[in-house]
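Below: one structure, written as structure tokens.
What follows draws every value from the coordinates through simple rules; no lab data is involved. Since the model is a prediction, treat every value here as computed from it, not as a measurement. All Cβ positions, glycine included, derive from the backbone under ideal geometry; neighbour counts span all protein chains shown.
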Amino acid sequence: MIISWYMAKIKHAERLTLVLQVLRKKALDGKLEKCKFFTQVAFLGYVTSKEGIQVDQFKIETMKNWPIVPTITKVRSFHGLASFYR
């Protein structure tokens, strides 16, 4: 997966051109139907769009509805996960 993101469309297009040139030079290709250009993309718990990079709200809702954890080990695990999205 390749993600290239810039707020300015001109910079984004320049970076995209560079990425495609490198792919061509290395004889790599992709399927056009799997490509998204100038749209919103969700990746690793974040959403990139023309508004910027934001935490995926689905992840936040999932943590809000997380079941109560019964052991200290699971509390520590959940705390580490929740701290990542803070």
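Summary table
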{"quantity": "FRET efficiency for D56 and A27, using Cβ-Cβ distance with R0 set to 35 Å, rounded to 0.05", "calculated": "0.55"}
{"quantity": "Long pairs among K11/K59; K11/K36; K9/K34; K36/K59; K9/K64; K26/K59, criterion Cα-Cα beyond 27 Å", "calculated": "K11/K59; K9/K64; K26/K59"}
{"quantity": "Computed [θ] at 222 nm, deg cm²/dmol, the chain (DSSP H ≥ 4; -39,500 (n - 2.57); rounded to nearest 500)", "calculated": "-14000 deg cm²/dmol"}
{"quantity": "Difference of contour (0.36 nm per residue) and Cα-Cα distance, F43 to H12", "calculated": "9.4 nm"}
{"quantity": "Per-residue Cβ neighbour rank within 10 angstrom, fewest leading, H12, H79", "calculated": "H79, H12"}
{"quantity": "Sparse-neighbourhood loop sites, chymotrypsin sites (Phe, Trp or Tyr not before Pro) in the stretch 29-71 - DSSP loop, at most 13 other Cβ within 10 angstrom", "calculated": "F37, F38"}
{"quantity": "At q = 0.15 Å⁻¹, base-10 log of I(q)/I(0) for the stretch 9-84 (Debye sum, equal scatterers on each alpha carbon)", "calculated": "-0.73"}
{"quantity": "Debye, to nearest 20: dipole size of the stretch 9-84, +1 on Lys, Arg Cβ, -1 on Asp, Glu Cβ", "calculated": "280"}
